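Below is one structure, written out as structure tokens; comments come after it.
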There are 2 protein chains.
Amino acid sequence: MSNTLRTVYGAIEAGGAKFVCGVGTGPEDLQSVRIPTTSPDETVAAAVAWLRQYEVRAVGIGSFGPVDLDHESATYGHITRTPKTGWRNFDLAGAVGRALGVRVGFNTDVNAAAIAESRWGAGRGVADFLYVTVGSGIGGGAFVSGRLLHGAAHPEMGHIRIPHDWVRDPYAGACPFHGDCLEGLASGPAIEGRWHCRAADLPDDHPAWALEAHYLAHGLANFACTLSPARILLGGGVMRRQHLYHTIRRNLPDILKEYVAAPDVGPPGLGDRAGVLGALALAEQGLSENAP
Amino acid sequence: MSNTLRTVYGAIEAGGAKFVCGVGTGPEDLQSVRIPTTSPDETVAAAVAWLRQYEVRAVGIGSFGPVDLDHESATYGHITRTPKTGWRNFDLAGAVGRALGVRVGFNTDVNAAAIAESRWGAGRGVADFLYVTVGSGIGGGAFVSGRLLHGAAHPEMGHIRIPHDWVRDPYAGACPFHGDCLEGLASGPAIEGRWHCRAADLPDDHPAWALEAHYLAHGLANFACTLSPARILLGGGVMRRQHLYHTIRRNLPDILKEYVAAPDVGPPGLGDRAGVLGALALAEQGLSENAP
């Protein structure tokens, strides 16, 4: 039996370290593959070659960024101001769409994940929630009154500034643009830069994790004050440390006080498949060319 | 000619220091009066007595908060966790509605102002913008894709945390809940508490203003990263210092870097009438009982 007999969507979760490509129709019907992110030409060629095996009706891409989401813009579908060599100003949506000859739905990786969580995951039935990833970077996608928050460009939630306790933590921050923004203080690379050790190798009782929860809770508190979400879904590689959820939940009311109710904080319902499943949903939207 | 021959809406901008009451239909047709905020009984009685002179079809209230905006809640229309004596858990919408016998539209003061700016002011035609007031407190209302951001409760944008430079500024902050949140560092009372001088009496070349612009720019940068607005309208008593707009505009790109485009920053199109005009719009919405 050939895969080409089924009508499926193609998906690309384009990350700075890997591309996750998928085909299928949803969480119960998804095949996927991981491709290391190298140069745009090489990585896109590998992704396209894999997707060509299937008769996909459309492709969705959830991409690292910043990206251009303005349909009126000449650079719609491009990755824009990334520090990642070779990818700056690369027309990712265009390259994939031309190679496969199908329509492309395009958005940020975190917006894609938020769409998937809203449709199939822990955001189902929640009008106001955020999906926040903490991994090689920090980013967030928001649903407001049941609809994806687009904004004038797209949010860059990881780059908010939070209090940085220089006495407790003299680390200058890992963000090449902002130094000690939230991403600069609490992403995976920030943990590694501060402690000179891969985050995955730090034991659960290492002081790194109390500081990590402290910073993340400050970030979530700011999002809570600004967007008033009922729920915040925290995903990404750093959040594989399950105890972080507990510590963040404990820290949040200490920061917000009784003035602002703390949102629910928990893992994404779709785990680490939220991004690629969101890209699948973007493919479907790309066909209808309607924003969520 | 009697005022009662016209069909008009009533409006109350309920502030911690004063109530601004209005009647009319919009910016070209608005009469208003100011009533000092004392006890709930006294202040509401005065507001109601003034509004009774007119045959208002409905009343809108934009209130200081936090407030309960949940229509399903038993305390809908109440002011909730305010530190303001006497007003905690006061049923403001109920008291006004019962006294006047008309429908009441109810929201936060800053959401009301954002609605007015969207309809008649500097938010017209701008799908994504914020109204932020800097006065006795700091608060914000947001439009997202042309609709008011409600959230699970309502935003409390003034209470985000930003970096506090303790060396440059050892002032602990004025917020009774959070100390050095944005409101605690940059509201009118924060300026007075830090410099032991009324903000209005500080000369334009006083170092207070550079610090004020620094903090406000950090707050706006966080809002920009989280909501991606095209424009931020800054109102409130502190913003009467016109030079602040210039300094904030200059500071913003230094904080956001080229990574995130700085939103336009300017004054509200309706000046200090945004709040009461927003309450007028809430009256109209209250009649139709549809959220914006």
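The values are calculated or read from the model by the stated rules, or taken from the named source; none is laboratory data. Small disclaimer: the values here were computed from a predicted structure and weren't measured. Counting neighbours? That spans all protein chains shown, and the Cβs are built from the backbone with ideal geometry, glycine included. Areas reflect the complete protein model, heavy atoms only, side chains present, ligands, DNA and RNA absent. Shrake-Rupley method; radii C 1.70, N 1.55, O 1.52, S 1.80 Å.
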Worksheet, complete the sentence: Note on segment A:236-280: residues surrounded by fewer than 16 Cβ atoms within 10 Å (Cβ to Cβ) and closer than 18 Å to A:SER136 by Cβ are A:ARG240, A:GLY271
Item to complete: Go over the candidates A:HIS150, A:HIS159 one by one and state the one that is in contact with a Cys (Cβ under 8 Å, 6 or more places away or on another chain) and touching a residue at least 24 places away in the same chain (Cβ under 8 Å).
Response: A:HIS159
Discussion item. Suppose we keep only residues that are open to solvent by less than 10 Å² (accessible area, probe 1.4 Å) and acidic (Asp, Glu) within segment B:164-213. Which one would you say is nearest to the other protein chains (Cβ to nearest Cβ)?
Written reply: B:ASP169
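Quick check on segment A:224-235: of everything there that is at the interface with another protein chain (Cβ under 8 Å from one of its Cβ atoms) and crowded, with 24+ Cβ neighbours inside 10 Å, which residue is farthest from A:GLY141 (Cα to Cα)? Show your work before the answer.
Step one: list which residues in segment A:224-235 are at the interface with another protein chain (Cβ under 8 Å from one of its Cβ atoms), which gives A:225-230.
Next, from what is left, pick out any that are crowded, with 24+ Cβ neighbours inside 10 Å: A:225-227, A:229.
Details: A:CYS225: 16, A:THR226: 13, A:LEU227: 11, A:PRO229: 11 Å.
Within segment A:224-235, the match that is farthest from A:GLY141 (Cα to Cα) is A:CYS225.
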Worksheet item: Does any residue of segment B:69-92 turn out to be open to solvent by less than 20 Å² (accessible area, probe 1.4 Å), assigned to a helix (DSSP H, G or I) and closer than 21 Å to B:LEU277 by Cα?
Response: yes
Worksheet item: Applying the selection to segment B:148-163, what residues are outside any helix (DSSP H, G or I) and either open to solvent by 10 Å² or more (accessible area, probe 1.4 Å) or within 7 Å of chain A (Cβ to nearest Cβ) (or both)?
Response: B:LEU149, B:HIS150, B:GLY151, B:ALA152, B:ALA153, B:HIS154, B:PRO155, B:GLU156, B:ILE160, B:ARG161, B:ILE162, B:PRO163
Response to the item:
Filtering segment A:201-213 down to residues that are without any contact (Cβ under 8 Å) to a residue 24 or more places away in the chain, closer than 14 Å to A:VAL238 by Cα and not in a loop (DSSP other than H, G, I, E, B) yields A:ASP201, A:ALA208
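Taking the condition of being in contact with a Phe, Trp or Tyr (Cβ under 8 Å, 6 or more places away or on another chain) and in a helix (DSSP H, G or I), how many residues in segment A:221-256 meet it?
To start, the set of residues in segment A:221-256 that are in contact with a Phe, Trp or Tyr (Cβ under 8 Å, 6 or more places away or on another chain) comprises A:226, A:229-235, A:239, A:241, A:243-244, A:247.
Checking the rest, the ones that are also in a helix (DSSP H, G or I) come to A:226, A:239, A:243-244, A:247.
Here the count works out to 5.
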Fill in: Looking only at segment B:112-147, and only at residues there that are in a loop (DSSP other than H, G, I, E, B) and either free of Cβ contacts under 8 Å to residues at least 60 places away in the same chain or crowded, with 24+ Cβ neighbours inside 10 Å (or both), the one that is nearest to the other protein chains (Cβ to nearest Cβ)
B:SER145
Worksheet, complete the sentence: Residue pairs within 8 Å by beta carbon, gap of at least six or interchain, first lying in segment A:34-55 and more than 25 Å from A:THR80 (Cα to Cα) and open to solvent by 50 Å² or more (accessible area, probe 1.4 Å), second of a type in the set (Ser, Thr, Tyr) and not in a loop (DSSP other than H, G, I, E, B), listed first then second, are A:GLU55/A:THR4
Practice prompt. Might you let me know whether segment A:242-249 holds any residue that is in contact with a strand residue (DSSP E or B) (Cβ under 8 Å, 6 or more places away or on another chain) and either of a type in the set (Val, Ile, Thr) or on the phi > 0 side of the Ramachandran plot (or both)?
Written response: yes
